[in-house]
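Down below is the structure, laid out as C-alpha cells.
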Amino acid sequence: MFLIIQAAGWPIWPLIACSILAMALVIERFASLKTAKIAPPKLLDEALTVSRSAIPGPDVVTQLEQNSALGEVLASGFRALNANPRCSEADLRATMEGAGRAVAHRLERYLPALATIASAAPLLGLLGTVIGMIEIFGSQAPAGGAGSAVGAGNPAQLAHGISIALYNTAFGLIVAIPSLIFWRYFRARVDGYLLSLELSTERFVRHLNTLRR
C-alpha cells in the first residue's frame, strides 16, 4: 500500500485525507441515525397513553425529552401546555415545529460534508491526473542541447508521470463512489425520519387540543 501511495505522488494525500474523513462521517451517521435514537416505534402511543386524561408532570416530560428526537418534539408540546394551558393551537404548533426544526438540523448534520467529499474527490483525482500529465510532458523535453533528438525523454520520469495520473484518477473514484452512495442512503433515511416526525407531531397536536378543551 505504501508503494502505491509513493508511486501516486503527493497529489494522493488530499484524497487520503478525504477518505479518512468520509469514513469517520459514515461511522458517526450510522451511530447517530439509529431508529431507537430518533423515532422509537411505540413512543407516540406511550405518550398518548400517559396523557390520556391530563398533562403529565415535569419528571415524565423530562424523561420523554431525553428518550429520543421524537420524544424531544413531543415533550415540547407538553411543556407549552404546562407553561400556558390556554395557549392557542397556532402557538402550540409553532412550539412543536420549532423543536422539530432543531431536530431536523441535527439529523442532517455532516451530510453536506459527505456530499462535498463525493463531489470533490473526482476533482482531486483529476488534479492528480493533470499533474501526472505535466510530469509526462516534462519527461519528453530535450535532454541536452540543440543537437539532442526531440522526444528523447527520461523513461523513469515518464513512468512516474503515468503512475501519478492513473493512481490519482482511480483513487479519486474509489473515494467518491462510496461517499456518494452513503450520502444518498443517509439522505433518504433522514427524509424518512422527518416524515415520521411530521406525521407523529400532527397526530399529537390533535391529541393535545382535546386536552386543552
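The values are calculated or read from the model by the stated rules, or taken from the named source; none is laboratory data. Keep in mind that what you see is a predicted model, and the values were worked out from it rather than measured. Methodologically, a virtual Cβ is constructed for each residue, glycine included, from the backbone with ideal geometry; neighbour enumeration extends over all protein chains shown.
Give me the helices (runs of 4 or more DSSP H) completely within the stretch 38-83, filtered to those with at least 3 residues that are aliphatic (A, V, I, L, M) and under 20 Å from residue 199 (Cβ atoms), ordered by residue number.
Numbers: elements: 43-50, 58-65, 69-83.
Those helices (runs of 4 or more DSSP H) span 43-50, 69-83.
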The lone condition residue 42 fails out of (1) of a type outside the set (S, T, N, Q); (2) surrounded by fewer than 12 Cβ atoms within 10 Å (Cβ to Cβ); (3) in contact with a helix residue (DSSP H, G or I) (Cβ under 8 Å, 6 or more places away or on another chain) is (3)
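Take the conditions in contact (Cβ under 8 Å) with a residue 24 or more places away in the chain, among the hydrophobic types (A, V, I, L, M, F, W, C) and touching a Phe, Trp or Tyr at 6+ places or on another chain (Cβ under 6 Å) and apply them to residue 26. Does it pass?
Values: in contact (Cβ under 8 Å) with a residue 24 or more places away in the chain: yes; among the hydrophobic types (A, V, I, L, M, F, W, C): yes; touching a Phe, Trp or Tyr at 6+ places or on another chain (Cβ under 6 Å): yes.
Against the criterion (in contact (Cβ under 8 Å) with a residue 24 or more places away in the chain, among the hydrophobic types (A, V, I, L, M, F, W, C) and touching a Phe, Trp or Tyr at 6+ places or on another chain (Cβ under 6 Å)), residue 26 qualifies.
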Looking across the stretch 45-59 at residues that are touching a Phe, Trp or Tyr at 6+ places or on another chain (Cβ under 8 Å) and either loosely packed, with under 11 Cβ neighbours inside 10 Å or among the small types (Gly, Ala, Ser) (or both), the single one that is nearest to residue 102 (Cα to Cα) is 47
Could you tell me whether any residue of the stretch 179-186 is within 25 Å of residue 135 (Cα to Cα), surrounded by fewer than 16 Cβ atoms within 10 Å (Cβ to Cβ) and within 19 Å of the chain's Cα centre (by Cα)?
no
So if I check each of 48, 81, which one is over 28 Å from residue 183 (Cα atoms) and touching a His at 6+ places or on another chain (Cβ under 8 Å)?
48
Within the stretch 72-119, can you find the residues that are closer than 30 Å to residue 164 by Cβ and crowded, with 18+ Cβ neighbours inside 10 Å?
114, 117, 118
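Go through 35, 62 for me and flag whichever is surrounded by fewer than 20 Cβ atoms within 10 Å (Cβ to Cβ) and more than 27 Å from the chain's Cα centre (by Cα).
On the way: 35 fails: more than 27 Å from the chain's Cα centre (by Cα).
So the residue among 35, 62 that is surrounded by fewer than 20 Cβ atoms within 10 Å (Cβ to Cβ) and more than 27 Å from the chain's Cα centre (by Cα) is 62.
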Enumeration of residues in the stretch 84-110 that are outside any helix (DSSP H, G or I), of a type in the set (Ser, Thr, Tyr) and either free of Cβ contacts under 8 Å to residues at least 60 places away in the same chain or over 22 Å from residue 34 (Cα atoms) (or both)
88
Residues satisfying the stated conditions in the stretch 66-86, i.e. within 30 Å of residue 190 (Cβ to Cβ) and touching a Lys or Arg at 6+ places or on another chain (Cβ under 8 Å):
68, 69, 81
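Residue-by-condition table, conditions (1) of a type outside the set (Phe, Trp, Tyr); (2) at pLDDT 85 or above; (3) under 16 Å from the mean Cα position of the chain (by Cα); (4) not in a helix (DSSP H, G or I):
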site: 122; (1), (2), (3), (4): yes, yes, no, no
site: 128; (1), (2), (3), (4): yes, no, no, no
site: 137; (1), (2), (3), (4): no, no, no, no
site: 142; (1), (2), (3), (4): yes, no, no, yes
site: 156; (1), (2), (3), (4): yes, no, no, no
site: 166; (1), (2), (3), (4): yes, no, no, no
site: 193; (1), (2), (3), (4): no, yes, yes, no
